[in-house]
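First up is the structure itself, then whatever we jot down about it.
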Amino acid sequence: MNVSSNSAALRILLVEDDPMMQLGLEQALADYPEFAVVGQADDGYLGVEAAIRLKPDLVVMDIGLPRLDGIAATQQIKAALPEVRVVVLTSHTTETEIVAALSSGADAYCIKGSSVDRLLTAIKAAQEGATYLDPQIARRVIEHLKPPVSSSHLGQLSQRELDVLRLMVDGKTNPEIAEALYLSPNTIKTHIRGIMNKLAVDDRVQAAVVALRSGLV
């Protein structure tokens, strides 16, 4: 297990059973000084143990792991360390697995084979407290999550809130939304709270689902 000592960086644990994928992830993240890989594990049980021992800021988690799959491992990590963010990085794309991973507490769901930029977007979104869904699978979860709100609720959104909501659906982080709309991050947070209150949803994923199902994007 390779351990980084860069305490200023976001501390990341990799849970992946493919040695080549592990190496590729470590090398890709090594190009970014704001990230530090503090440990690796090649099965779900070891991933949970490593998370509890190392207390990373974020875990990059595969689903198809030996002994304990990534969905169960995510659930156990979140139960023990609810503040730790989990980014699922997997080749699994069935609706059941996607919804199960999100239900277990995963903060982001990214597909293997996507660009490094997309993984970085997922990591940064999770770091910001947002929820990221790979565009390849976002629409697959629509029918499994909260039903759409009525058009009267959608009509309560201001034009600026609609602009923010569309960028949320695109997986943008709060700073990215702020930059795109020339607003402060605090203003974006206020808009997001307003969106969730008006749509009667509990998180950003549900807000994105409402937007998708209502044809806003």
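The values are calculated or read from the model by the stated rules, or taken from the named source; none is laboratory data. Being a predicted model, the structure only gives us computed values, none of them experimental. Quick reminder, even Gly has a Cβ in these numbers, built from the backbone with ideal geometry, and neighbours come from all protein chains shown.
Just to be sure before I move on: is ASP57 out of contact with any Phe, Trp or Tyr (no Cβ under 6 Å at 6 or more places or on another chain) and either among the polar types (S, T, N, Q) or over 21 Å from ASP107 (Cβ atoms) (or both) in the structure I sent? So ASP57 does not fit the description; no. Among the residues of region 12-31, just one is under 19 Å from the mean Cα position of the chain (by Cα) and part of a loop (DSSP other than H, G, I, E, B), namely GLU16. The set of residues in region 112-143 that are at pLDDT 80 or above, among the basic types (Lys, Arg) and over 22 Å from GLY64 (Cβ atoms) contains only LYS124.
Residue check: is ASP107 modelled with pLDDT of 90 or more and surrounded by fewer than 17 Cβ atoms within 10 Å (Cβ to Cβ)? Give the steps one after another, and end with the answer.
Values: modelled with pLDDT of 90 or more: yes; surrounded by fewer than 17 Cβ atoms within 10 Å (Cβ to Cβ): no.
Criteria not met by ASP107.
Counting the residues of region 47-89 that are of a type in the set (S, T, N, Q) and crowded, with 23+ Cβ neighbours inside 10 Å gives 1.
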